[in-house]
Ligand code: URP
Ligand code: ZN
Ligand code: ZN
Ligand code: ZN
């Protein structure tokens, strides 16, 4: 669809003024509570040319500066979504949100950067990267890339090095599910982990046992269960737990850090907790759908309603959601993503007679900041500083872009949100900014509203209106060897020293 047909999205103009004053390169945010992951204080924030220049009480400025009053509100780093799929070709179709509409939606919800997954083109990493570079040209906010690894040979191994050294990629995702398309086996997983370790790149896994999922799907089909509930029944939490445990143990064997994407179940989170308790460097990323929804929707009698909740790993039974929330509040899990992967009701209907053909994915890029606030801060489970850590700062640290991103500090990029804790939000597909015709959070209301979003020093969301400019979003290169790699070489040396020399044996004679 044509990007200029998007309803509810205004187009900014970087050359002339407008009613938002967003063309003004000087901004002062006055009197708010400025929150970073480790500290909060009442202060003013002064921005010039896209960069935060000062954070201090009572900053004085001249008339040419646009002043935004934030009294009684929280001034926080814009959200960073570590897990999105914009313009993603998957299961015979393509997601409806591209790098423009998905990002406009993100900005309207207080997210100012996202990291998307480049899919290699027929196994070729460079071709995949170039295709995503092209898709991302219309970006209206900053973005980074992870890359998926879908096959293994010398060329892939060499290209991984090129991606890290020349293209700003510092993470690779391995799919342990989607047999017959993206799935890889344990041999590839081991080779991939070894390569990641040598490059200082973070290994990420989609952890489900794809062979067993295939078996489960056949089982449901034989039983005549062809509707969306079959999706959940065919790939139970035990298969997520198994793959999570396997990936963790292989990462331990290679001695490389591991990032588990979309942790959806108690089974998976217990494996992560156990590994972390024993000192292993494992990061767990729950997604909003897993934190606030439960699987009962998949049993809804209306196919269109049920099908919109189909994603993998599946949304689980009530109880898993609460456990994932608790794990975030205690530090067992470290950051929140969305896995925003938007298929409309026409696309979901490809699977009307067979749940295996329902394109997998749910929305969330626009809703994440509000739902995490309402679910975790309003319920008293986490502090406001924790909120900043889980939605922004930890992601910036893990992907090595802190403190350029994820902080309100002098020198950081001016990606800032103003959240009013006394205001409320309501989610509906009628007013959201995604191109989706549905929303898995339809009708949900809550407390705490992102009233202003500033991206790259420009006001892009204010008075319930988005005003964005295609093409201003920048590709953020991410360097390898994040903090999770610190000291790993020492652990390797200790391991090697612990091995005894080969036992010398007498030559065997008959
Ligand atoms: O159902 C999902 N999660 N779709 C997106 C692809 C993936 O596995 O992340
Ligand atoms: Zn293609
Ligand atoms: Zn996945
Ligand atoms: Zn995903």
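The C-beta contact set for the stretch 393-414 (first residue on the phi > 0 side of the Ramachandran plot, second residue crowded, with 22+ Cβ neighbours inside 10 Å and outside any loop (DSSP other than H, G, I, E, B), distance under 7 angstrom, 6+ apart or interchain) comprises 406/77; 406/80; 406/392; 406/393; 406/395; 406/396; 411/52. Going residue by residue through the stretch 290-303, is there one that turns out to be within 15 Å of ligand 1 (Cβ to nearest atom), under 30 Å from residue 484 (Cα atoms) and either touching a residue at least 24 places away in the same chain (Cβ under 8 Å) or within 17 Å of the chain's Cα centre (by Cα) (or both)? Yes, some residue in the stretch 290-303 is within 15 Å of ligand 1 (Cβ to nearest atom), under 30 Å from residue 484 (Cα atoms) and either touching a residue at least 24 places away in the same chain (Cβ under 8 Å) or within 17 Å of the chain's Cα centre (by Cα) (or both).
Residues in the stretch 95-123 that are surrounded by fewer than 23 Cβ atoms within 10 Å (Cβ to Cβ), more than 16 Å from ligand 1 (Cβ to nearest atom) and in a loop (DSSP other than H, G, I, E, B): 122, 123. On inspection, residue 401 fails the criterion of being farther than 30 Å from residue 224 by Cβ and within 16 Å of ligand 3 (Cβ to nearest atom).
Scanning the stretch 181-193 for residues that are assigned to a helix (DSSP H, G or I) and surrounded by 15 or more Cβ atoms within 10 Å (Cβ to Cβ) gives 188, 189, 190, 191, 192, 193. For residue 319, the stated conditions hold: it is more than 22 Å from the chain's Cα centre (by Cα), more than 16 Å from ligand 4 (Cβ to nearest atom) and within 24 Å of residue 276 (Cα to Cα).
Within the stretch 159-180, the set of residues being part of a loop (DSSP other than H, G, I, E, B) and in contact with a strand residue (DSSP E or B) (Cβ under 9 Å, 6 or more places away or on another chain) comprises 167, 168, 169, 170, 176, 177, 178. Here the stretch 323-360 is the region considered, the condition is being crowded, with 24+ Cβ neighbours inside 10 Å, more than 13 Å from the chain's Cα centre (by Cα) and within 16 Å of ligand 1 (Cβ to nearest atom), and the residue that is farthest from residue 423 (Cα to Cα) is 355. Scanning the stretch 52-94 for residues that are out of contact with any strand residue (DSSP E or B) (no Cβ under 9 Å at 6 or more places or on another chain) and either within 29 Å of residue 114 (Cβ to Cβ) or part of a strand (DSSP E or B) (or both) gives 89, 90, 91, 92, 93, 94. State whether one or more residues within the stretch 217-225 are at pLDDT 95 or above, under 26 Å from residue 298 (Cβ atoms) and out of contact with any helix residue (DSSP H, G or I) (no Cβ under 9 Å at 6 or more places or on another chain). Checked the stretch 217-225: at least one residue is at pLDDT 95 or above, under 26 Å from residue 298 (Cβ atoms) and out of contact with any helix residue (DSSP H, G or I) (no Cβ under 9 Å at 6 or more places or on another chain). Selection over the stretch 89-130 of residues that are away from ligand 4 (no atom under 16 Å from the Cβ), touching a residue at least 12 places away in the same chain (Cβ under 8 Å) and over 18 Å from the mean Cα position of the chain (by Cα) gives a count of 6. Looking across the stretch 194-210 at every residue that is in a loop (DSSP other than H, G, I, E, B) and in contact (Cβ under 8 Å) with a residue 60 or more places away in the chain, the one that is surrounded by the fewest Cβ atoms within 10 Å (Cβ to Cβ) is identified as 200. The set of residues in the stretch 131-144 that are within 16 Å of ligand 4 (Cβ to nearest atom) and in contact with a helix residue (DSSP H, G or I) (Cβ under 7 Å, 6 or more places away or on another chain) contains only 143. Among 388, 460, 377, which is the only one that is closer than 26 Å to residue 261 by Cα and in contact with a helix residue (DSSP H, G or I) (Cβ under 7 Å, 6 or more places away or on another chain)? Residue meeting the stated conditions: 377. Out of the stretch 357-383, which residues are within 16 Å of ligand 3 (Cβ to nearest atom) and not in a loop (DSSP other than H, G, I, E, B)? Result: 362, single match. Residues in the stretch 338-356 that are assigned to a helix (DSSP H, G or I) and either touching a helix residue (DSSP H, G or I) at 6+ places or on another chain (Cβ under 9 Å) or within 14 Å of ligand 4 (Cβ to nearest atom) (or both): 345, 348, 349, 350, 351, 355, 356. Residues being in contact (Cβ under 8 Å) with a residue 60 or more places away in the chain, within 16 Å of ligand 1 (Cβ to nearest atom) and either surrounded by 23 or more Cβ atoms within 10 Å (Cβ to Cβ) or farther than 30 Å from residue 185 by Cα (or both) are entirely absent from the stretch 134-141. Looking at this structure, is residue 275 in a helix (DSSP H, G or I) and either in contact (Cβ under 8 Å) with a residue 40 or more places away in the chain or within 14 Å of ligand 3 (Cβ to nearest atom) (or both)? For residue 275, the condition - in a helix (DSSP H, G or I) and either in contact (Cβ under 8 Å) with a residue 40 or more places away in the chain or within 14 Å of ligand 3 (Cβ to nearest atom) (or both) - is not met.
Here residue 268 clears all of (1) buried (at least 22 other Cβ atoms within 10 Å of the Cβ); (2) part of a loop (DSSP other than H, G, I, E, B) except the condition numbered (2). Set side by side, the residues 213, 156 differ, and just one is surrounded by 15 or more Cβ atoms within 10 Å (Cβ to Cβ), within 16 Å of ligand 4 (Cβ to nearest atom) and part of a helix (DSSP H, G or I), which is 213.
The values are calculated or read from the model by the stated rules, or taken from the named source; none is laboratory data. Bear in mind that the values here come from a model prediction, so they are computed numbers and not experimental data. A quick note on method: Cβ atoms are made from the backbone with ideal geometry, for glycine too, and the neighbour counts reach across all protein chains shown.
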